[in-house]
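Reading through the structure tokens given below for one structure.
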Amino acid sequence: MKHLDLKGTLRVTGRKADVNSVRRDEKVPCVLYGNGMENVSFAIDAKSLKLVTNTPASYIINLDIEGKQYVTKLQAVQYHPVTDAALHADFLVLPADKPVTMEVPVKIVGNSEGVKQGGKLYAPTRKLRVSALIADLPDELVVDITPLQIGKQLSAGDLSFDKVTIVTPKATLVCAVRATRAAAAAAAAAAAEK
């Protein structure tokens, strides 16, 4: 999985005025926690945070807070209800020797047999939650839909990847080829010719 380097600065906590001061400086108040360590309150540049939040990709984040290095992931972001500006972000420290759970984008490849016959591809799931060691986490989960016929589907339980465990519920629909009126008409015409 791709790594992204971000820099943060320690911040004072306790008063609302302190948080507002951070936001006026175009920074986002953040907290770092996990792996048995004390919580660290810090601030990160709002533009830098957008490198993580405004992309479909998932990243392992190498966080530098005033010289101290942490391997983390973005755990949660709170957004302003009107402006969509990030108000607060949580970062989770990742253990190097234990499996971690991340959301990884799904990349659909191939030309489905069902689509060639006039069906329509429906792909509601953009990311799947997986568990793996940091070194084994993929950038994306490649799903080949070439053999998928009209009326058939792929669920999270149908997929498997080396050194990666899918944590998303097995029944989660990844993609399906649905019949269209044109496909149904072509099938009826083919049946009538026989």
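The values are calculated or read from the model by the stated rules, or taken from the named source; none is laboratory data. Note that the structure is a prediction, hence the values are computed from the model and not measured. Virtual Cβ from ideal backbone geometry, glycine too; neighbours counted across all protein chains shown.
The set of residues in the range 96-112 being part of a loop (DSSP other than H, G, I, E, B) and under 11 Å from A132 (Cα atoms) consists of A96, D97, K98, P99. Evaluation of V22 against the conditions (1) loosely packed, with under 15 Cβ neighbours inside 10 Å; (2) without any contact (Cβ under 8 Å) to a residue 24 or more places away in the chain shows that the sole unmet condition is (1).
In the range 28-56, of all residues being out of contact with any Leu (no Cβ under 9 Å at 6 or more places or on another chain) and surrounded by 14 or more Cβ atoms within 10 Å (Cβ to Cβ), the one that is farthest from V93 (Cα to Cα) corresponds to A46.
Residues are listed down the side, and each one gets a yes or a no for (1) within 12 Å of L4 (Cβ to Cβ); (2) under 11 Å from the mean Cα position of the chain (by Cα):
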| site | (1), (2) |
| --- | --- |
| D45 | no, no |
| V52 | yes, yes |
| I61 | yes, no |
| D64 | yes, no |
| T72 | yes, no |
| V77 | no, no |
| D84 | no, no |
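Only one of the numbered conditions (1) assigned by TED's automatic domain parsing to the domain that holds T13; (2) polar (S, T, N, Q); (3) farther than 30 Å from E26 by Cβ is violated by Q75, and that is (3).
Under 7 Å between Cβ atoms, which residue pairs at least 6 apart in sequence (or on different chains) link something in the range 96-122 that is touching a residue at least 24 places away in the same chain (Cβ under 8 Å) and under 16 Å from T168 (Cα atoms) with a partner that is surrounded by 17 or more Cβ atoms within 10 Å (Cβ to Cβ) and small (G, A, S)? Going by the 7 Å Cβ cut-off, the qualifying pairs are P99/A132; M102/S58; E103/S58; V104/S58; P105/S58.
Residues that are surrounded by fewer than 17 Cβ atoms within 10 Å (Cβ to Cβ), of a type in the set (A, V, I, L, M) and over 20 Å from the mean Cα position of the chain (by Cα): does the range 119-142 have at least one? Looking through the range 119-142, at least one residue is surrounded by fewer than 17 Cβ atoms within 10 Å (Cβ to Cβ), of a type in the set (A, V, I, L, M) and over 20 Å from the mean Cα position of the chain (by Cα). So is L87 under 30 Å from G8 (Cβ atoms), part of a strand (DSSP E or B) and among the hydrophobic types (A, V, I, L, M, F, W, C) or not? Considered against the rule, which asks whether it is under 30 Å from G8 (Cβ atoms), part of a strand (DSSP E or B) and among the hydrophobic types (A, V, I, L, M, F, W, C), L87 comes out as yes.
Within the range 1-49, being in a helix (DSSP H, G or I) and either under 28 Å from P138 (Cβ atoms) or not assigned by TED's automatic domain parsing to the domain that holds Q69 (or both) holds for K47, S48, L49. Being modelled with pLDDT of 95 or more and closer than 18 Å to P105 by Cβ is a property that L173 has. Taken over the range 67-79, the residue count meeting the criterion of being part of a loop (DSSP other than H, G, I, E, B) and surrounded by 10 or more Cβ atoms within 10 Å (Cβ to Cβ) is 0.
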